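K.L.:
Below: one structure in structure tokens.
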Amino acid sequence: EPEVTQTPSHQVTQMGQEVILRCVPISNHLYFYWYRQILGQKVEFLVSFYNNEISEKSEIFDDQFSVERPDGSNFTLKIRSTKLEDSAMYFCASKPRAYEQYFGPGTRLTVT
Amino acid sequence: AQSVSQHNHHVILSEAASLELGCNYSYGGTVNLFWYVQYPGQHLQLLLKYFSGDPLVKGIKGFEAEFIKSKFSFNLRKPSVQWSDTAEYFCAVNAGGNTGKLIFGQGTTLQVKP
């Protein structure tokens, strides 16, 4: 069964550094998402991406964040200058036109 | 703003006990409802979903949920839990719009004692 994959599984970075989190969605899916879960808190929506553009973003998704689908298979989340409060588990998800989202295993980002 | 509330943060049950996890949402229009499960060290997996039709939906592993529109609720149930059901359970709502974004509840940690 196809799965959403994410790399790396764990990323440690220093405050102020740029990080890129990578995701490979399921190949025939059309909608792509990033969510995050700060330890002990709920899963929060960050951004949705459809037809090569952002379709919706949350208040969390400020100018420090960007997404890209550079080659038709990867879907990346970039944080330009990380802050301590960006430490969280970041989940990528994808879905076909209808139905449910399929989630990846997540990348744990630790900002020191 | 749309929100999802899960009533129980941490539930401890013995094997064979019955389970009911509460989920309420705030949104007056058409909703799609989901329960996801996250086993220790694993990613979010779909347990069941409601889009339309029969408000009692059955999912994997013997779980079911009932959509009660008048109560804005989508409670998860299982008649007899197993130790392997130990996990975190998330209720989520897709409330309108074309983007399909999910609004999640806080999650409920279920611990089943053998």
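K.L.:
Taking neighbour Cβ counts within 10 Å as the exposure measure, how do A:Ile54, A:Ile79 sort from fewest upward?
P.N.:
If I rank by nearby Cβ atoms, fewest first, I get A:Ile54, A:Ile79.
K.L.:
Same structure again: How are the C-alpha pair distances of the stretch A:1-64 spread across 5 Å bins, as whole percents from the shortest bin up?
P.N.:
3, 13, 19, 26, 24, 11, 3, 0
K.L.:
How large is ³J(HN,Hα), in whole Hz, for each residue of the stretch A:101-112 in order, when computed from phi with the Karplus curve 6.51 cos²θ - 1.76 cosθ + 1.60 and θ = phi - 60°, using x for Gly and Pro?
P.N.:
Those phi angles translate into 8, 10, 9, x, x, x, 10, 8, 9, 10, 9, 10 Hz.
K.L.:
I've got another one for you. Run the numbers for A:Arg97 and A:Leu84: contour at 0.36 nm per residue of separation, minus the present Cα-Cα distance, in nm.
P.N.:
1.1 nm
K.L.:
Right, another one. Give the Rg/Rh ratio for chain B, taking Rg as the radius of gyration of the Cα atoms and Rh as the Kirkwood radius, to two decimals.
P.N.:
Rg/Rh: 0.96.
K.L.:
Here is a further query. Can you list which of the chymotrypsin sites (Phe, Trp or Tyr not before Pro) found in the stretch B:1-109 are DSSP loop residues with at most 15 other C-beta atoms within 10 Å?
P.N.:
Taking the stretch B:1-109 and a limit of 15 other Cβ atoms within 10 Å, the loop chymotrypsin sites (Phe, Trp or Tyr not before Pro) found are B:Phe51.
K.L.:
Quick one: Kirkwood hydrodynamic radius for the stretch A:29-82, alpha-carbon pairs, angstrom, one decimal?
P.N.:
Hydrodynamic radius (Kirkwood, Cα pairs) of the stretch A:29-82 is 11.9 Å.
K.L.:
Okay, moving on. Could you pull out which residues in the stretch A:20-44 have an amide N less than 19 Å from a spot 7 Å beyond the Cα of A:Ile54, following the Cα-Cβ vector?
P.N.:
A:20-23, A:31-37, A:44
K.L.:
Right, another one. Which of A:Tyr90, B:Tyr39 has the fewest other C-beta atoms within 10 Å, and how do the rest follow up to the most?
P.N.:
B:Tyr39, A:Tyr90
K.L.:
A further question follows. Please list, by residue number, every one of the GluC sites (Glu not before Pro) in the stretch A:13-60 that is coil in DSSP and has at most 16 other beta-carbon atoms within 10 Å.
P.N.:
In loop regions of the stretch A:13-60 (DSSP not H, G, I, E or B), the sparsely surrounded GluC sites (Glu not before Pro) are A:Glu18, A:Glu59.
K.L.:
A further question on this structure: Rank these for me by crowding, A:Arg108, A:Arg36, going from fewest to most other beta carbons within 10 Å.
P.N.:
Ranked by crowding around the Cβ, least crowded first: A:Arg108, A:Arg36.
K.L.:
Run the reach check for A:Lys95 against lysines, Cα to Cα strictly under 22 Å, same-chain hits fewer than 8 apart removed. What comes back?
P.N.:
Straight-distance partners of A:Lys95: A:Lys42, A:Lys57, A:Lys78, B:Lys49, B:Lys58, B:Lys101.
K.L.:
Which of these, B:Ile68, B:Ile12, B:Ile60, has the largest mean-square fluctuation under a Gaussian network model of chain B (Cα springs below 10 Å)?
P.N.:
B:Ile60
K.L.:
Let's test the formula: R0 of 45 Å, r as the Cβ-Cβ distance of B:Ile12 and A:Thr110. What FRET efficiency results, to the nearest 0.05?
P.N.:
0.90
K.L.:
Using the Karplus equation 6.51 cos²θ - 1.76 cosθ + 1.60 (θ = phi - 60°), what ³J(HN,Hα) coupling, rounded to whole Hz, does each residue of the stretch B:68-84 give in order, writing x for Gly and Pro?
P.N.:
10, 4, 5, 9, 6, 10, 8, 7, 9, 9, 8, x, 8, 7, 10, 4, 5
K.L.:
If you project the alpha carbons of the stretch A:38-112 onto their three principal axes, what span does each projection cover, largest first, in Å?
P.N.:
The Cα atoms of the stretch A:38-112 stretch 37, 24, 22 Å along the principal axes, largest first.
K.L.:
Next question, about the same structure. Find the Rg to Rh ratio for the protein assembly as shown, where Rh is the Kirkwood radius over alpha-carbon pairs and Rg uses the same atoms.
P.N.:
Over the Cα atoms of the protein assembly as shown, Rg/Rh equals 0.97.
Just so you know, all these numbers are worked out from the coordinates, no wet-lab data involved. Being a predicted model, the structure only gives us computed values, none of them experimental. A quick note on method: Cβ atoms are made from the backbone with ideal geometry, for glycine too, and the neighbour counts reach across all protein chains shown.
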